[in-house]
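Undergrad: To start, I am sharing the structure in question, which I have written as structure tokens.
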Amino acid sequence: MDKIDRRILNLLQQDATMPVAEIGKKVGLSTTPCWRRIQKLEEEGIIRKRVALLDPAGVNAKVTVFVSIRTSSHSAEWLKRFSEVTAEFPEIVELYRMSGSIDYLMRVVVPDIAAYDAFYQRLITRIDITDVSSSFAMEQMKYTTQLPLDNLLLD
């Protein structure tokens with residue numbers, strides 16, 4: 001990956017609908033070589049997919065909850081079951097296995113507190129969890145899906 005690839009990726013992260021000809025112009029390439037680079041980045045899995053970012057309030061996803069989970073079971077079987085169960089909950093938009101005192105951290109989006117409570121009740125009936133702690137976001141101060149490519153060391 002070189003500087004041109006990074007510039008292409010930065011442009012696509014800002015607007016994935018930008019025409020290839022315009023991207024090429026901005027990075028100093030003609031359309032065909034620019035398209036080949038984009039295809040190569042897709043084939044290598046660097047570009048995983050192109051999506052539309054929605055306004056949460058516009059689709060009634062007004063409440064964001066960060067859920068910290070601790071479990072007393074750390075077996076491969078429990079992890080497999082946990083992964084299967086959480087995959088069935090569309091409210092969970094991010095899920096991480098953590099180091100430290102928290103085993104898992106998830107970001108959940110729901111319309112309101114009642115919807116979160118219903119989510120919580122469904123979750124705890126499906127999988128054995130030692131401790132669940134929920135923190136409700138009061139204000140989103142920064143949100144981006146754009147990775148900081150200029151700050152990362154790339155080959």
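The values are calculated or read from the model by the stated rules, or taken from the named source; none is laboratory data. Everything numeric here is computed off the predicted structure, so don't read it as measured data. Because the Cβ atoms are built from the backbone with ideal geometry, glycine has one as well, and the counts that use them run over all protein chains shown.
Undergrad: Residue check: is residue 119 under 21 Å from the mean Cα position of the chain (by Cα) and either over 30 Å from residue 10 (Cα atoms) or outside any strand (DSSP E or B) (or both)?
TA: Yes: the conditions hold for residue 119.
Undergrad: Also, quick follow-up: Just need a number here: residues in region 43-69 that are surrounded by fewer than 10 Cβ atoms within 10 Å (Cβ to Cβ) and part of a helix (DSSP H, G or I).
TA: 3
Undergrad: Out of the residues in region 1-17 that are surrounded by 13 or more Cβ atoms within 10 Å (Cβ to Cβ) and part of a loop (DSSP other than H, G, I, E, B), state the one that is modelled with the highest pLDDT.
TA: 16
Undergrad: A further question on this structure: I'd like to know if region 73-85 contains one or more residues that are touching a helix residue (DSSP H, G or I) at 6+ places or on another chain (Cβ under 8 Å), touching a residue at least 40 places away in the same chain (Cβ under 8 Å) and either farther than 21 Å from residue 146 by Cβ or among the acidic types (Asp, Glu) (or both).
TA: Checked region 73-85: at least one residue is touching a helix residue (DSSP H, G or I) at 6+ places or on another chain (Cβ under 8 Å), touching a residue at least 40 places away in the same chain (Cβ under 8 Å) and either farther than 21 Å from residue 146 by Cβ or among the acidic types (Asp, Glu) (or both).
Undergrad: Find the residue count for region 125-153, including only residues that are β-branched (Val, Ile, Thr), at pLDDT 95 or above and exposed (fewer than 13 other Cβ atoms within 10 Å of the Cβ).
TA: 1
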